[in-house]
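One structure is given here, and the rest of the page talks about it.
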Amino acid sequence: LPVNLARNPGFEEEAAESGKIPGWITFTTRDDQVTVVASEAKSGAQSIRITAQHARGQLQGLFQTLPVVAGDAYSFSICVKKDKSDPLGSSAHVVPLIEYKDAAGQHLWDVEGRPLDSNLSGVRWETASVERVTAPMGAVEANFCVHLREGKLKGKGSVFLDDACITRIDPALQ
């Protein structure tokens, strides 16, 4: 079985006083609406809740940066569920992606997984993933990301994230 390389994949480690999530970096183009919650979890006691900002074209989310080996393939998945009390709507959607970078931190290439939109379940957890993406020549690190994008309209709603998994595919099996 592949080893999960993600640090704090279930978001169970206690957040710092600053609210930072151990192992993860949050980002936003507006207001930070990424929080650890104990109200919903696929496994363990906690998950992440991201809330749309009700503004056209905005995005936010979280990522983890890990070293990679050029030529090796990597997969990233995370479980997603919409918040039944604040369901996704309008043009809001969740997108998993892997961004490869070189030694100078310059973007080389990225690959997005299938977006999950307002059809996302509020009852069962669904998996958002990017599978078997080969690190390009010159890649030394990758950001394994989840974006909540508002889209062309004012997005709305919230989603929960849990059980992130980052794996390196054994080159012998590629």
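The values are calculated or read from the model by the stated rules, or taken from the named source; none is laboratory data. None of the values given here were measured: they were computed from a predicted structure. For neighbour counting, all protein chains shown are included, and Cβ atoms are generated from backbone atoms with ideal geometry for every residue, glycine included. All accessible areas refer to the heavy atoms of the entire protein, side chains included, with ligands and DNA or RNA removed. Shrake-Rupley method; radii C 1.70, N 1.55, O 1.52, S 1.80 Å.
Of the candidates VAL80, VAL140, the single residue that is out of contact with any helix residue (DSSP H, G or I) (no Cβ under 8 Å at 6 or more places or on another chain) and within 30 Å of SER39 (Cα to Cα) is VAL80.
The condition (being at negative phi, aliphatic (A, V, I, L, M), open to solvent by 20 Å² or more (accessible area, probe 1.4 Å) and in contact (Cβ under 8 Å) with a residue 24 or more places away in the chain) is satisfied by just one residue among LEU59, LEU97: LEU59.
Being under 25 Å from VAL37 (Cα atoms), surrounded by fewer than 18 Cβ atoms within 10 Å (Cβ to Cβ) and touching a residue at least 40 places away in the same chain (Cβ under 8 Å) is a property that does not hold for ARG149. Any chance segment 73-82 includes a residue that's out of contact with any Leu (no Cβ under 9 Å at 6 or more places or on another chain), touching a residue at least 12 places away in the same chain (Cβ under 8 Å) and in a loop (DSSP other than H, G, I, E, B)? Within segment 73-82, not a single residue is out of contact with any Leu (no Cβ under 9 Å at 6 or more places or on another chain), touching a residue at least 12 places away in the same chain (Cβ under 8 Å) and in a loop (DSSP other than H, G, I, E, B). Counting the residues of segment 16-26 that are open to solvent by 40 Å² or more (accessible area, probe 1.4 Å) and either closer than 13 Å to ILE48 by Cα or in contact with a strand residue (DSSP E or B) (Cβ under 6 Å, 6 or more places away or on another chain) (or both) gives 4. Can you find a residue in segment 102-111 that is outside any strand (DSSP E or B), exposed (fewer than 15 other Cβ atoms within 10 Å of the Cβ) and touching a Leu at 6+ places or on another chain (Cβ under 8 Å)? Looking through segment 102-111, none of the residues is outside any strand (DSSP E or B), exposed (fewer than 15 other Cβ atoms within 10 Å of the Cβ) and touching a Leu at 6+ places or on another chain (Cβ under 8 Å). Considering segment 152-174, and only residues there that are open to solvent by 70 Å² or more (accessible area, probe 1.4 Å) and assigned to a loop (DSSP other than H, G, I, E, B), the residue that is nearest to VAL37 (Cα to Cα) turns out to be LYS154.
Here's the yes/no breakdown for (1) out of contact with any His (no Cβ under 9 Å at 6 or more places or on another chain); (2) more than 16 Å from HIS147 (Cβ to Cβ):
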position: VAL68; (1), (2): yes, yes
position: ALA73; (1), (2): yes, yes
position: VAL80; (1), (2): yes, no
position: PRO87; (1), (2): yes, yes
position: VAL95; (1), (2): no, no
position: ASP102; (1), (2): yes, yes
position: GLY113; (1), (2): yes, no
position: LEU116; (1), (2): no, no
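Checking ALA142 against (1) part of a strand (DSSP E or B); (2) over 17 Å from the mean Cα position of the chain (by Cα); (3) buried (at least 20 other Cβ atoms within 10 Å of the Cβ), only one condition comes out false. Which one? It is condition (2) that ALA142 fails.
Name the residue that is most open to solvent (accessible area, probe 1.4 Å), counting only residues in segment 30-47 that are within 23 Å of GLU150 (Cα to Cα) and not polar (S, T, N, Q). Applying the filter and picking the extreme gives ARG30.
The listed residues are GLY122, GLY57, and the only one of them that is modelled with pLDDT under 95, assigned to a loop (DSSP other than H, G, I, E, B) and in contact with a Pro (Cβ under 9 Å, 6 or more places away or on another chain) turns out to be GLY122.
Would it be correct to say that ILE50 is under 19 Å from ALA128 (Cα atoms), crowded, with 17+ Cβ neighbours inside 10 Å and modelled with pLDDT of 90 or more? Here the answer is yes, as ILE50 does meet what is asked.
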